[in-house]
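Notes follow once the structure below has been shown.
The values are calculated or read from the model by the stated rules, or taken from the named source; none is laboratory data. Please read these numbers as outputs of a predicted model, since none were measured by experiment. Glycine gets a Cβ as well: all are built from the backbone with ideal geometry, and neighbour counts include every protein chain shown. These area figures cover heavy atoms from the full protein model, side chains too; ligands, DNA and RNA do not enter into them. Shrake-Rupley method; radii C 1.70, N 1.55, O 1.52, S 1.80 Å.
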Amino acid sequence: MKYSVQEVMQYVLEEDVKFIRLAFCDVFGKQKNISIMPQELPRAFEYGIAVDASAIKGFGDEAHSDLLLHPDGDTLMPLPWRPEHGRVVRMFCSITYPDGRPFECDSRWILKKAIEDAENDGFSFYFGAEQEFYLFNLDDKGNPTIEPYDNAGYMDIAPEDRGENIRREVCLTLEQLGIHIESSHHEEGPGQNEIDFRYSDPMTAADYAVVFQTVVKTVANRNGLYADFSPKPLENYPGNGFHINMSVTSRDKSDNMDYMIAGILDHISDMTVFLNPLESSYRRFGSGKAPKYISWSEENRSQLVRVPAAMGEYRRAELRSPDPAANTYLAFALMIYSAMDGIRNKTELQDPANINLFTADEDTLSKFTQLPMSLDAAREAAKNSDFIRKHIPERILDIYCNK
């Protein structure tokens, strides 16, 4: 739901809100927040709330540590797992320097700029997220184990699928937050689950992806479990994917789907480090339906990009290489910019690979270009990319590529 500043103030007063969480993400997409009391809300909207950025990697040092959080009233969201009396709400924030300049490491601001650049050229993008996660048991001290909550397989049902009630609770909680869910099911790995979002505008979709991980972890913990979104929690089982569905519309009603896909394929190697930022990210590639080659096809789940069977407003392209460790704001921004390059340049889309790349012979596979197959290779591709340097601030590029 969208709220004006005045409506936020009225909501806080009428709904007995006692704590307001001002949320933001670090450069890797990890959510942070500071809580303020209701009486501080007018100051937050007018001037911003100062935070010490020196303790957040990439945000500053002790000599330049002050940054200001400015709440976005449109993102007001009550947290249903907190008490109803003395309620807690959360708003995402933009980040600025004390002089009002946007903070270049604010990844939400980077996505906002990408959306504005696309709209200025007459294009609107839409995203839908599909995130996978494992549910693991906790040990006697409440610490996570790698013991799966169940041993069910793909789309199994109860009693084998013990995660059914957890997914149900997650979906109901998300509905309370105004987030629309399309589907949920057990995935291939033991204790592995997937919940899919209905498509929305890029910023809403990115915010929801961040909220989603928080909700899943909260619900899992409330049920004595640990939700693991890491790329490869179990060595011999499928990794966790973050499949990103994307579509485009234009003011002139032209069909730009092929150009959009071509642009993404053209820049995918350069942006892989931002879609797959961990060493373990690269242990997914080439198995468990995770792609290894730069290719596309209709419906085919062995491809990097597939176009699912859908018509009209539901027609979209699905990028299958990212994993949930990605900073969603950076991922969406780079996908928009790469798609725009494809559209502006009318980049020709390569022929579809209508084969199963997981079972193809070596001679066939040799005709395809591989994704970067290690974190070091992905870092090198990004460092040497004019496209990345144009759209990713130097400080963020340095953090991702020179750790």
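Averaging Cα coordinates gives a centre for the stretch 98-123 and one for the stretch 264-309; these two points are 26 Å apart. Normalised by 2.2 N^0.38 Å, where N is the number of residues, the alpha-carbon radius of gyration of the stretch 139-228 equals 1.11. On the basis of the beta-carbon distance and an R0 of 41 Å, Glu7 and Ser54 show a calculated FRET efficiency of 0.75.
Charged neighbours of Asp26, selected by a Cβ distance under 9 Å, balance to +3 (K, R count +1; D, E count -1).
Pair-distance distribution P(r) for the chain, from all Cα-Cα distances in 10 Å bins starting at 0: 5, 21, 32, 27, 13, 2, 0 percent.
Computed on the chain, with alpha-carbon pairs under 8 angstrom and 6+ residues apart, the relative contact order is 15 percent. The share of Cα pairs per 5 Å bin across the stretch 277-403, counted from zero up to the longest distance, runs 2, 9, 16, 22, 22, 16, 10, 4, 0 percent.
For the listed peptides 234-245, 140-151, a ranking on the average number of other beta carbons within 10 Å per residue, highest first, reads 234-245, 140-151.
Accessible area per residue of the stretch 244-403 at 1.4 Å probe, in Å²? Numbers along the way, then the final one.
Working: 6870 Å² over 160 residues.
Ligands and nucleic acids excluded, the figure is 43 Å² per residue.
Were the residues from Glu116 through Thr249 laid out at 0.36 nm apart, the gain over their Cα-Cα distance would be 46.5 nm.
Considering only protein heavy atoms and a probe of 1.4 Å, how much of the accessible area of the stretch 273-403 is carbon and sulfur, as a whole percent?
Numbers: 2590 of 5710 Å².
Of all accessible area on the stretch 273-403, carbon and sulfur atoms account for 45 percent.
Direction-averaged projected area, Cα convex hull, the stretch 1-92: 6.2 nm², rounded to one decimal.
Between Asn345 and Leu138, the distance separating the two model label sites (each 7 Å from Cα on the Cα→Cβ line) works out to 5.1 nm. Think of the stretch 121-186 as having a plus end and a minus end, set by charges on the Cβ of Lys, Arg, Asp and Glu; of Gly128, Gln176, Pro159, Gln176 sits farthest toward the positive end of this dipole. Listed values for the stretch 370-385 are Karplus-derived 3J(HN,Hα) couplings in whole Hz (6.51 cos²θ - 1.76 cosθ + 1.60, θ = phi - 60°), namely 7, 5, x, 9, 8, 4, 4, 5, 5, 5, 4, 4, 5, 4, 9, 9, and x replaces Gly and Pro. Relative to one another, the C-alpha centroids of the stretch 225-263 and the stretch 357-383 are positioned 18 Å apart. Using alpha carbons only, the radius of gyration of the stretch 50-201 set against its Kirkwood radius gives Rg/Rh = 1.06.
Restricting attention to the stretch 255-360, which chymotrypsin sites (Phe, Trp or Tyr not before Pro) occupy a DSSP loop and are surrounded by at most 15 other Cβ atoms within 10 Å?
The qualifying sites are Phe358.
Each peptide in 102-108, 116-122 receives the mean, over its residues, of other Cβ atoms within 10 Å, and ordering these scores from highest gives 102-108, 116-122.
Straight-line cross-link partners of Lys289 among the lysines, defined as a Cα under 27 Å from its Cα and at least 8 positions apart when in the same chain: Lys30, Lys217, Lys232, Lys367. Between amide H atoms placed 1.01 Å from N, distances below 5 Å from Gly286 occur with Lys292, all of them 5 or more places distant or on a separate chain.
Set against the 2.2 N^0.38 Å expectation for a compact globular protein, the stretch 164-294 has a Cα radius of gyration ratio of 1.18. Evaluated at q = 0.22, 0.23, 0.25, 0.26 Å⁻¹, the base-10 log of the normalised Debye intensity for the stretch 45-138, with identical point scatterers placed on the Cα atoms, takes the values -1.13, -1.15, -1.19, -1.23.
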